[in-house]
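The values are calculated or read from the model by the stated rules, or taken from the named source; none is laboratory data. Note that the structure is predicted; figures quoted are calculated from it, not measured. Cβ placement follows ideal geometry from the backbone for every residue including glycine, while neighbour counts extend to all protein chains displayed. For accessibility, only protein heavy atoms count, side chains too; no ligands or nucleic acids. Shrake-Rupley method; radii C 1.70, N 1.55, O 1.52, S 1.80 Å.
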Amino acid sequence: MDNSSNFDEISEPGYRPSPSSLDQNDQSTVETPVYSTMSGDSFMFGRTYSETSAFSDPIDDNSYSSEPSPSHWPVTKSGAQNQAIFGRLEMKQQKQVVDDKLDDQESVDLELETMKERFSKLLLGEDMSGSGKGVCTAVTISNAITNLYATVFGQNLRLEPLKPEKKSMWKREMDCLLSVCDYIVEFIPKSHNLRDGTALEVMESRPRSDIYINLPALTKLDAMLIEVLDSFQDREFWYAEQGSMSSNSTRSGSFRRVIIQRKEEKWWVPVPCVPPDGLSEKSRKHLRHKRDCAYQIHKAAMAINSSILTEMEIPHSYMASLPKSGRASLGDTIYRYLCTADGFSPDHLLDCLNLASEHEALELADRVEASMYTWRRKACLSHSKSSWDLVKDLMSDIDRTDKNHVLAERAETLLFCLKQRYPELSQTSLDTCKIQYNRDVGQATLESYSRVLEGLAFNIVAWIEDVLFVDKSVRIQDQ
């Protein structure tokens, strides 16, 4: 049988020999190996070798296949050229790998430099001169958490997920700032049994009680707030900046005036816009659910913050600045009402005062708080203890019928009702003074963490209320 018939018998279906694959004068047929495009070597050896290039002069149509190569690569003239191409591909791959490693290294170096800066500021107490005149560690950590919150959430004025880099920054740096709490411990007794059955009581360390209780709760509230923001990835409403109302948001643009009134001239807040027919029932239900969740988170964070502030020691500078009489601090009208023998009602007193704004409410809270501690100090004058902690212990020994004690209790009740009526009330002068002069690192960390979470939860509730308000107004217009 001739060569061509031998070839037909051994060749694979669909295979076409190249001109150099058959030698008419040779006694045997040489088959060029073909490598599968799906094999592990297909990247380096995806073509058959041939002496005829696809770009050479045309030859007999029967001498080679008109079908493209399985790997769709053009055929080169020689193996040396193939090796050169493969070498260049390998170099490109290696260069890409090196570039990726360099990018990763630059990212790590940048994060390392950022952490060095944070660590240095903590050690220096924010005093860049290094002269030792900086603030204490507790105030530095409190400021660091507050500044981090402003950096991550300060420009986030919409119901939308955080950007990945912002979310990563918040988690990474908060983990670093909160790590100091891992080393604030207390010793508690624990029973330990020896092999011979002898019971021993040993001291075991664990996180301090306030950190042990409050820090896990705060981290959980933090994760829940991030989850609330992430839930607004797909939404039916959108936002328009002031002065940049698009054509599809002109209908909702008229609500700028209403929202300004509700937000007390906060012109920088973007305007929520809804479709002409309003939001769907599913979207409104989702908004109400997330509003309720954020409101509960706000209440929990505010309760933790209040408890931490209560436990902080009152600075001596605040006690020294108190007025000599509570009557001078409150005024005659409120003082006379507090002195009423029977029927004292703090809610009725607040209704009679008719506070017009939160600013007036905060001013009243400062005066009530100052008068409360003035009366408490007078009730404790018979004791020579100067520490506020000891004064609190001695309060139980004071005559409950003492006039100063009764006035202090009523002032405390009035302050509590005032804060309930204005839950978004800013910190009082005493709270600010406590934070400024606090030296306890654990309390500073918990207070600042709970304060920023309280603020974020309050903002989320306000943003959801704005969207629901605009949606309601649009539906009322359509009726």
What pairs come up if the first residue lies in the range 163-179 and is of a type in the set (D, E), the second is open to solvent by 40 Å² or more (accessible area, probe 1.4 Å), and their beta carbons are under 8 Å apart, counting only those six or more places apart or on different chains? E173/R118
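A quick yes/no check of all residues on (1) open to solvent by 70 Å² or more (accessible area, probe 1.4 Å); (2) closer than 24 Å to K290 by Cα; (3) in a strand (DSSP E or B):
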site: D127; (1), (2), (3): no, no, no
site: N143; (1), (2), (3): no, no, no
site: L159; (1), (2), (3): no, yes, no
site: L162; (1), (2), (3): no, yes, no
site: D182; (1), (2), (3): yes, no, no
site: H192; (1), (2), (3): yes, no, yes
site: L215; (1), (2), (3): no, yes, no
The lone exception for E227 - which of (1) assigned to a helix (DSSP H, G or I); (2) modelled with pLDDT under 95; (3) open to solvent by 60 Å² or more (accessible area, probe 1.4 Å) it fails: (2)
So in the range 195-211, with the set limited to residues that are without any contact (Cβ under 8 Å) to a residue 12 or more places away in the chain and in contact with a strand residue (DSSP E or B) (Cβ under 8 Å, 6 or more places away or on another chain), which one is nearest to Y239 (Cα to Cα)? L200
Select from the range 248-277 the residues that are in a helix (DSSP H, G or I) and open to solvent by less than 10 Å² (accessible area, probe 1.4 Å) and write down the one among them that is modelled with the lowest pLDDT. S252
Matching entry among L394, L430, L425, L456 (being modelled with pLDDT under 90, under 34 Å from the mean Cα position of the chain (by Cα) and of a type outside the set (V, I, T)): L425
Based on this model, can you work out whether T198 counts as open to solvent by less than 80 Å² (accessible area, probe 1.4 Å) and either of a type in the set (D, E, K, R) or more than 11 Å from the chain's Cα centre (by Cα) (or both)? yes
Exactly one of (1) surrounded by fewer than 19 Cβ atoms within 10 Å (Cβ to Cβ); (2) over 20 Å from R208 (Cα atoms) is unmet by C176. Its number? (2)
For residues that are under 30 Å from P216 (Cα atoms) and either of a type in the set (D, E, K, R) or open to solvent by 50 Å² or more (accessible area, probe 1.4 Å) (or both), tally how many sit in the range 453-477. 4
Those residues that are assigned to a helix (DSSP H, G or I), modelled with pLDDT of 55 or more and open to solvent by 20 Å² or more (accessible area, probe 1.4 Å), I need them from the range 397-416; list them, please. K403, N404, V406, E409, R410, E412, T413, F416
Number of the condition not met by H192 [criteria: (1) out of contact with any helix residue (DSSP H, G or I) (no Cβ under 7 Å at 6 or more places or on another chain); (2) free of Cβ contacts under 8 Å to residues at least 24 places away in the same chain; (3) within 30 Å of L287 (Cα to Cα)]: (3)
In the range 295-306, the residues that are under 15 Å from I226 (Cα atoms) and open to solvent by 50 Å² or more (accessible area, probe 1.4 Å): Y295, Q296
Residues within the range 288-332 that are touching a residue at least 24 places away in the same chain (Cβ under 8 Å), among the aliphatic types (A, V, I, L, M), closer than 26 Å to T219 by Cβ and assigned to a helix (DSSP H, G or I), tallied: 8
Hey, does the range 278-294 have a residue that's hydroxyl-bearing (S, T, Y), closer than 30 Å to R475 by Cα and open to solvent by 80 Å² or more (accessible area, probe 1.4 Å)? no
Based on this model, can you work out whether A199 counts as modelled with pLDDT under 90, hydrophobic (A, V, I, L, M, F, W, C) and out of contact with any Lys or Arg (no Cβ under 9 Å at 6 or more places or on another chain)? yes
If a residue has to be among the polar types (S, T, N, Q) and either under 30 Å from N438 (Cβ atoms) or open to solvent by less than 30 Å² (accessible area, probe 1.4 Å) (or both) to count, how many in the range 315-358 make the cut? 5
When you scan the range 432-452, how many residues do you find that are touching an Asp or Glu at 6+ places or on another chain (Cβ under 7 Å) and either without any contact (Cβ under 8 Å) to a residue 60 or more places away in the chain or open to solvent by less than 10 Å² (accessible area, probe 1.4 Å) (or both)? 2
Selection count where residues are assigned to a loop (DSSP other than H, G, I, E, B) and closer than 19 Å to R158 by Cα, scope the range 425-473: 0
Hey, M115 within 12 Å of the chain's Cα centre (by Cα) and either surrounded by 10 or more Cβ atoms within 10 Å (Cβ to Cβ) or in a helix (DSSP H, G or I) (or both) or not: no
Between residues in the range 125-150 that are under 18 Å from R172 (Cβ atoms) and residues that are buried (at least 19 other Cβ atoms within 10 Å of the Cβ) and aromatic (F, W, Y), which pairs lie under 8 Å by C-beta distance while being six or more apart or on different chains? I145/Y449
